[in-house]
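Colleague: My questions will all concern the structure given below.
Every read-out reported here was derived from the displayed coordinates using simple, explicitly stated rules and does not represent laboratory data. Because the structure is a prediction, the values reported are computed rather than measured. Cβ atoms come from the backbone with ideal geometry, glycine included; neighbour counts cover every protein chain shown.
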Amino acid sequence: MGLLENNLKKKEEEAESFLVDERKRDHFLKRLENKLKVVPKVGDKLAKAPIFASLLYDYFKGNYKEIPVGSILSVIACLLYFVSTIDFIPDVIPFLGYVDDAMCLALCSQWVSQDIVEYEAWREQITPS
């Protein structure tokens with residue numbers, strides 16, 4: 001298992017507390033929202049962050065529960081890494097600072113790809129264009 005995968009597995013342990021601690025979850029979602037405002041939406045990997053965030057909002061509100069808890073924990077762990085100020089490549093380094101974030105999002109996307117496809121289909125059904 002690679003260094004990034006090990007880091008994500010550790011974050012999954014922290015992610016479990018988000019399922020029961022609403023205050024901690026709300027604080028995390030606010031941090032995520034703030035980071036999404038400043039991160040460039042370049043490339044398909046970083047573009048997954050808003051989809052993951054939307055999934056968490058719907059999951060925590062109780063709107064969407066058709067996803068395994070393990071997948072939710074993986075998404076939370078990934079986004080914990082994404083919002084973390086301490087990661088492999090600091091975000092303050094222009095462009096390069098988001099490379100590890102993109103790698104993290106790509107890895108998590110592989111892990112939960114089918115769940116994301118199903119979530120996006122559900123989201124399309126409830127919000128037709």
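Colleague: Reachable aspartates and glutamates from LYS30, Cα under 15 Å, same-chain residues fewer than 8 places away excluded?
Modeller: ASP21, GLU22, ASP58
Colleague: Please compute the net charge surrounding TYR119, taking Lys and Arg as +1 and Asp and Glu as -1 over other residues with Cβ under 9 Å from its Cβ.
Modeller: For residues surrounding TYR119, the net value is -4.
Colleague: May I pose another question? Too long at a 21 Å Cα-Cα cut-off: which of LYS11/LYS48; LYS24/LYS61; LYS37/LYS65? Walk me through the intermediate numbers first.
Modeller: Numbers: LYS11/LYS48 18 Å; LYS24/LYS61 15 Å; LYS37/LYS65 26 Å.
Check vs 21 Å cut-off fails for LYS37/LYS65.
Colleague: Order by neighbour count: LYS30, LYS35, fewest other Cβ atoms within 10 Å first, most last.
Modeller: Working: LYS30 11, LYS35 18.
Fewest-to-most ranking of LYS30, LYS35: LYS30, LYS35.
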